[in-house]
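Each remark here refers to the structure printed beneath this line.
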Amino acid sequence: MGRKKKTVDLDRENDIAPGLVAKTKKRLVVVSGRSHPDLASDVADALGTQLVPTEYRTFASGEILTRFEVSIRGCDFFLIQSFGPPVNEWLMETLIMLDAAKRASAKRITVVAPYYPYSRQDKKGRGREPISARLVADLLRTAGADRVMSVDLHAAQIQGFFDGPVDHLFAKPVLLDYFERTLTAEDRRKLTVVSPDTGRVRVADTWSDSLGAPLAIIHKRRDPNVANQVTVNEIVGQVEGRVCLLVDDMIDTGGTIAKAAEALKANGAERVIVAATHPIFSDPAAERLQSAAIDEVVVTDTIPLPEEKRFASLTILPIAPLLARAIHEVFEDGSVTSMFDGAA
């Protein structure tokens, strides 16, 4: 006969329902996909734990298999997978790992996706287009995810695509701390925060408030029929003789940032510093970002960057402490919003 479980009687006065009390305790486990193992390892270290031993296979046909080498039954399961290239392979691996976790009886499954895939396809710009960001959310949910955690979503409405809790984290505290430590007093007096397009004005405005600096906006026009082609039309705001801080959520081919920096220098900017969360750096981004118009590029390590895409003026900041703190708050049923002064 099994061990007798402790029972709890009905207690209406204290709103306690009758039932059984198990002796099991919550257990947090961190699992890594193959897209960014260094980041996952850093997160596990920050949490004071180790990654779950996992077997990965890619067969000759391209099919993927994953298997957890230890039991995860009843665990609070956090799968860390970023979505740099090859994005479709990592997305498929994530879905397979979620299915494995669900079938292995993980109690709650959270996908920690520092960079959310297909986030730029968040609406229909023309007829007969997909909303791929919504499709990704549906796939994650169907595969077994109960919760999603991501950093600096390209569009806030993506949170509404997932039928469950979404923890939208911001890299701004990580980046802001770097600039508060490295900008000189003279730089701070000359500082202007610049939005590279009208879509990022709200984010740039929060940076402007935090740094006590004026805001400038670059108006750009993009040809809807030609990918990654940008034309800068005009700059709204004073940039002559200023140290310009260009802030964006991601850098893909670097076309927008390079054109914006050239326009700022052409209008008399003294220095141009670029700050972005996600360094996708599709070719020829690394070459463009080494332009004479750009003095420094600061990003986080939400996406792994190979050595050939790194350069002297690039600074990469660790995002693992932020992710670890958010994971701890979720596990302890704490407040993720409190990490960002109520903004998350």
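The values are calculated or read from the model by the stated rules, or taken from the named source; none is laboratory data. Since the model is a prediction, treat every value here as computed from it, not as a measurement. Here the Cβ positions follow ideal geometry from the backbone for every residue, glycine too, while neighbour counts run over all protein chains shown. The area values use the complete protein model at the heavy-atom level, side chains included, leaving out ligands, DNA and RNA. Shrake-Rupley method; radii C 1.70, N 1.55, O 1.52, S 1.80 Å.
Worth a mention:
- Of the whole protein surface, Ser105 contributes about 40 Å² of accessible area at a 1.4 Å probe radius.
- Ranked by the mean number of other Cβ atoms within 10 Å per residue, highest first, peptides 134-141, 174-181 order as 134-141, 174-181.
- Computed over Cα pairs, the Kirkwood radius of the range 1-132 leads via Stokes-Einstein (0.890 mPa s, 25 °C) to a diffusion coefficient of 139 µm² per second.
- For a straight C-alpha distance cut-off of 17 angstrom, the aspartates and glutamates reachable from Lys259 (same-chain residues fewer than eight places away being disregarded) are Asp197, Asp223, Glu234, Glu240, Asp248, Asp249, Glu270, Asp283, Glu287, Asp295, Glu296.
- Taking label points 7 Å from Cα along the Cα-to-Cβ direction, Asn88 and Glu270 give a separation of 4.9 nm.
- Each peptide among 108-118, 65-75 gets the average number of other Cβ atoms lying within 10 Å of its residues, and from highest to lowest they stand as 108-118, 65-75.
- Stretch gain in nm, segment Gln290-Gln157, where the contour uses 0.36 nm per residue and the Cα spacing is subtracted: 44.5 nm
- Here the Karplus relation 6.51 cos²θ - 1.76 cosθ + 1.60, evaluated at θ = phi - 60°, turns the backbone of the range 304-310 into coupling constants of x, 10, x, 4, 5, 9, 9 Hz, with x for every Gly and Pro.
- For the chain, the Cα-based Rg and Dmax, in that order, read 22.7, 83 Å.
- In this structure the amide hydrogen of Tyr116, modeled in the peptide plane, comes within under 5 Å of the amide hydrogens of Val151, none closer than 5 places in sequence on its chain.
- Using a cutoff of 8 angstrom between alpha carbon atoms and counting only pairs six or more residues apart, the relative contact order for the chain works out to 12 percent.
- Calculated SAXS-style log₁₀ I(q)/I(0) at q = 0.24, 0.25 Å⁻¹ - the range 74-164, Debye, Cα scatterers: -1.26, -1.34
- Model label points for Glu55 and Lys6, set 7 angstrom from Cα along the Cα-to-Cβ axis, are 3.9 nm apart.
- Flagged links, alpha-carbon separation over 20 Å, of Lys26/Lys107; Lys190/Lys265; Lys124/Lys172; Lys26/Lys102; Lys26/Lys172: Lys124/Lys172; Lys26/Lys172
- Accessible surface of Glu55, taken over heavy atoms with a 1.4 Å probe and every protein chain present, rounds to 40 Å².
- Over all distinct Cα-Cα pairs of the range 122-264, the Kirkwood formula returns a hydrodynamic radius of 17.2 Å.
- At q = 0.16, 0.19, 0.29 Å⁻¹ the log10 of I(q)/I(0) for the range 174-218 amounts to -0.41, -0.57, -1.07, computed by Debye summation with a single uniform scatterer per C-alpha, solvent ignored.
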